[in-house]
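Below is one structure, written out as C-alpha cells; comments come after it.
The values are calculated or read from the model by the stated rules, or taken from the named source; none is laboratory data. Since we're looking at a predicted model, the values are computed, not measured. Note that each Cβ is placed from the backbone with ideal geometry, even for glycine, and that neighbours are counted across all protein chains shown. Calculation scope for accessible area: heavy atoms of the full protein, side chains included, ligands and nucleic acids excluded. Shrake-Rupley method; radii C 1.70, N 1.55, O 1.52, S 1.80 Å.
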Amino acid sequence: MVVAFALDALTVPHLCAVAAVQSAGSILYLSAAGALIKQLVPGDRLLVANARMETTNWTTATLGPSLGGFLIAGLGAVATLLVDALSYVVGALCLRRMPVAPQPPPPPAAEPTPAPEPLAARIRAGIAHILGHPGLRGLYLNAMLVGGAVTMTAPLLTVFMLRDLRLTAWQYGLVLGPPPRPASSARCCPPD
C-alpha cells in the first residue's frame, strides 16, 4: 500500500485488501491471546486477567478512532497506517518475549491418529453446533445482526461525515471517540 501511495496509484481495492488482512490479523490475535492467557495465568487469577484483557480491548476500540483521527490530521493517512502497523509489530515482539511453560508431551497413541477432517467439514460442524445450541444460537444471531448492521453502516457513515458534512480527520475521530459523561450521571446514584 505504501508503494502504491508513493506511486500515486492507491485504489479502493488496495484499501480493501489492507482491511481484509487487518481483520484476519485481529481475529488471529484475539484467538491466540485467549489461548495464551490460559497458559500464562493460574486458574484462580484467570477471571481478573481476562477482565483486564477485555478492558484493554474495549479501551482501544473506544479511544482508537479519536487518536486515529488526530494522527491522520497531523501525519496523514499513510503515515498513520504505518504507525498502526508498527504497533502490531511491537505487540507481536512483546508477545514473543513472554515466557510460556513447556507443555508435557502427549501420551503415546495406541492407534494411529486418523487424518483430520477437511476444513470445510469442520466449519460446517462448528456452525451446526452453534445453531443447534439455543444459547449460542442467540448470541451468534445477535452478533451477526447487530454487529453486521453496525459494520455495514460504517463506510456510509464515514463518507457522509467526511464528504457531506465536511468534517476534518481530527473532527471525524473526535466524533467517533468516547461519549462525554452526562452531567446528570453524578446525581443518579447517590452514595449510601
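Odds and ends about this structure:
- Solvent-accessible area of residue 152 with every protein chain in place, 1.4 Å probe, in Å² to the nearest 10: 140
- Seen from residue 30, the other residues with C-beta closer than 15 Å to its C-beta sum to a net charge of +1, counting Lys and Arg as +1 and Asp and Glu as -1.
- Estimated distance in nm for a label pair at residue 46 and residue 127, the labels positioned 7 Å out from Cα along Cα-to-Cβ: 3.0
- Computed with every protein chain present, the accessible area of residue 45 is close to 140 Å² [probe 1.4 Å].
- Most to least accessible of 53, 98 (protein chains only, probe 1.4 Å): 98, 53
- Only DSSP H runs of four or more residues enter the estimate; each adds -39500 (n - 2.57), and after division by the residues of the chain the mean residue ellipticity at 222 nm equals -22000 deg cm²/dmol.
- Spin-label model, residue 97 to residue 62: label points 7 Å out along the Cα-to-beta-carbon direction sit 2.9 nm apart.
- Within the range 129-158, backbone nitrogen closer than 17 Å to the virtual label 7 Å beyond the Cα of residue 117 toward Cβ: 129-133
- Residues 130, 37, ordered by accessible area of protein heavy atoms at a 1.4 angstrom probe radius and largest first, appear as 130, 37.
- Rounded, prolate or oblate (a/c below 1.5 giving rounded, otherwise prolate when a/b exceeds b/c) for the range 88-150 by Cα gyration tensor: oblate
- Accessible-area ranking of 170, 58, largest first, probe 1.4 Å: 58, 170
- A simple spin-label model places the labels of residue 143 and residue 171 3.7 nm from each other, with each point 7 Å out along Cα-to-Cβ.
- Apportionment of accessible area to carbon and sulfur, the chain, percent (1.4 Å): 72
- In this structure, residue 162 and residue 9 have a Cβ-Cβ separation that, at R0 = 22 Å, corresponds to a calculated FRET efficiency of about 0.50.
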